[in-house]
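Down below is the structure, laid out as structure tokens.
Bear in mind these aren't lab numbers, they're just calculated from the coordinates by the rules spelled out. Note that the coordinates shown come from a computational prediction; the quantities given were computed from them, not determined experimentally. Glycine gets a Cβ as well: all are built from the backbone with ideal geometry, and neighbour counts include every protein chain shown.
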Amino acid sequence: MSTNSHDSHSGNSKISKSDLWLIIACAAIIIFAYFDLSKTTVTYSNAERDVAERIQKVGAVQFRDAAKAARPGEDVYKAQCSACHASGAAGAPKFGDVAAWAPRIKNTFESLVNSALKGKGAMSAQAGGEFSDLEIARAVAYMASQAGGKFKEPEAPAPAAEEKK
């Protein structure tokens, strides 16, 4: 009896070149298939989005701010302008003071509105606040008219036809 335990397995254990190339080719195909398929798999978030796109309704509801009617100049004056113009705070011409308003009224209405919208002196810009530019212009016309000016409150523009989507 032999003391070497490997004697019973003494067969040829060499792999032929063709078998080696076959193993390498199979491994390459498996690796290529794994990486190629992993690129094309759909993730859960993509699948969810795709399903949502396929079953979306034909129409959609859009929420917008309701069109508000432009407030008259007197209301805007009371809400915004009277804080300074009622008392003449920070050099503001007092409401109804003909002498204080006279040099300003000599300017065009557009220049008065521009001063109100962009700010002048201690008065901060009124554009972009709670009131629209049209409402600020109406307040300017109201204040100037109460001090002897002959400015008419601007009318609201005609509503534009909304684009079809």
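Sequence-distant contacts, meaning Cα pairs under 8 Å at least 6 residues apart, place the relative contact order of the stretch 73-146 at 39 percent. Close amide H pairs (under 5 Å, H built 1.01 Å from N) link G88 with F95, residues at least 5 positions away or on another chain.
A102 versus D133, label points 7 Å from Cα toward the beta carbon: distance in nm? In this crude spin-label approximation the distance works out to 3.3 nm. Label positions at E110 and A83, each projected 7 Å from the Cα along the C-beta direction, are separated by 3.0 nm. Derived scalar couplings between HN and Hα for the stretch 47-59 equal 5, 5, 5, 4, 5, 4, 5, 6, 9, 5, 6, 5, x Hz in order, rounded to whole Hz, by the Karplus curve 6.51 cos²θ - 1.76 cosθ + 1.60 (θ = phi - 60°), x for Gly and Pro. Using the Karplus relation 6.51 cos²θ - 1.76 cosθ + 1.60 with θ = phi - 60°, the per-residue 3J(HN,Hα) values for the stretch 62-72 come to 10, 9, 9, 5, 5, 5, 9, 5, 5, 6, x Hz, with x marking Gly and Pro.
Between the listed residues G148, Q80, S115, the Cα displaced farthest toward the positive end of the dipole of the stretch 76-165, a dipole computed from Cβ unit charges relative to the Cα centre, is found at G148.
Classify the stretch 73-146 as rounded, prolate or oblate from the Cα gyration tensor: take a ≥ b ≥ c as the square roots of its eigenvalues, call it rounded if a/c is under 1.5, otherwise prolate when a/b beats b/c and oblate if not.
rounded
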